[in-house]
Amino acid sequence: MDPLAALADAYPAWWVDLLGEHNHAGGAEATHWLLDRARLAPGAAMLDAGAFVGAAARAAAARGARAVAVDIVPDFLAAGRALDGGRDVAWVTADARRLPFADGAFASVWCLESSIFPRELSRVARAAGATLCLGCEAPADGRGGLEAFLDEWAEYGWRLASHRPLSLEALATWRRCEAELVARRPHFEARYGTRGYLRQLDHLARLVALYERGSAGHALMVMER
Ligand SMILES: C[S@@+](CC[C@H](N)C(=O)[O-])C[C@H]1O[C@@H](n2cnc3c(N)ncnc32)[C@H](O)[C@@H]1O
């Protein structure tokens, strides 16, 4: 088989192999920290944007939410549907830049370690009584720092309700993954080919450099409006 086709087939497994289903700094514990603060009433609509295998969506559904997982890569969604709780989630392939949902469709909008589009995420959240849960790199010193980041969300009516810095944990995670990739090189190369391997390693090396320079930090944030 063409090694690149094999890489594409196994791509969801690559990430689940490396970081687990909860593909964000802090892992499952961070997901539950956010769920405890997301004010999800039973039956409330929750959007997991950039869901990967929808670990957050499945955890929200397990707590009674009506969860929708969106990702740009359909293979990740298919893998998520087959995992525990996958049948309780709606799976939608879409680009988070332009979500196929009505204005105000969701009581809680989540975006963990994915591309963040503030205007679009805000559009699909309820105008009042909504929560927004983010797990992301937050600028530490450049671009006006964390204040400018929060000001951008404030333009869409959000104010910060809970915040948990995760920078040290994220740095340790990226470093551990780098070390793991190097240590398991023969395994990953055999399964996914050199190109995928090198791209992931370069990405992790860039993240570690950003953190060491102090130009980015990491946080979990819950906002409300
Ligand atoms: C690092 S993973 C995070 C996955 C998940 N949120 C979690 O915390 O477990 C990033 C995910 O975002 C998806 N993604 C990246 N850009 C996207 C976009 N513009 N629209 C939808 N999904 C996107 C990727 O395909 C990938 O599955």
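The values are calculated or read from the model by the stated rules, or taken from the named source; none is laboratory data. Note that the structure is predicted; figures quoted are calculated from it, not measured. Virtual Cβ from ideal backbone geometry, glycine too; neighbours counted across all protein chains shown.
Where strands (runs of 3 or more DSSP E) fall entirely within segment 83-160, those with at least 1 residues that are surrounded by fewer than 21 Cβ atoms within 10 Å (Cβ to Cβ), at negative phi and within 12 Å of the ligand (Cβ to nearest atom) are at 90-93, 131-139. Within segment 172-183, does at least one residue satisfy the condition of being more than 16 Å from the ligand (Cβ to nearest atom) and in contact (Cβ under 8 Å) with a residue 12 or more places away in the chain? Within segment 172-183, one or more residues are more than 16 Å from the ligand (Cβ to nearest atom) and in contact (Cβ under 8 Å) with a residue 12 or more places away in the chain.
Can you find, within segment 12-26, the residue that is farthest from the ligand (Cβ to nearest atom) among those that are over 16 Å from Leu204 (Cβ atoms) and at pLDDT 75 or above? The extreme case among them is Gly26.
Cβ-Cβ contacts under 7 Å between residues 6 or more apart (or on different chains), taken from a first residue in segment 40-51 that is outside any loop (DSSP other than H, G, I, E, B) to a second residue that is charged (D, E, K, R) and within 6 Å of the ligand (Cβ to nearest atom), are absent. When you check Asp75 against the structure, is it acidic (Asp, Glu) and either at pLDDT 95 or above or buried (at least 18 other Cβ atoms within 10 Å of the Cβ) (or both), yes or no? So Asp75 fails the test.
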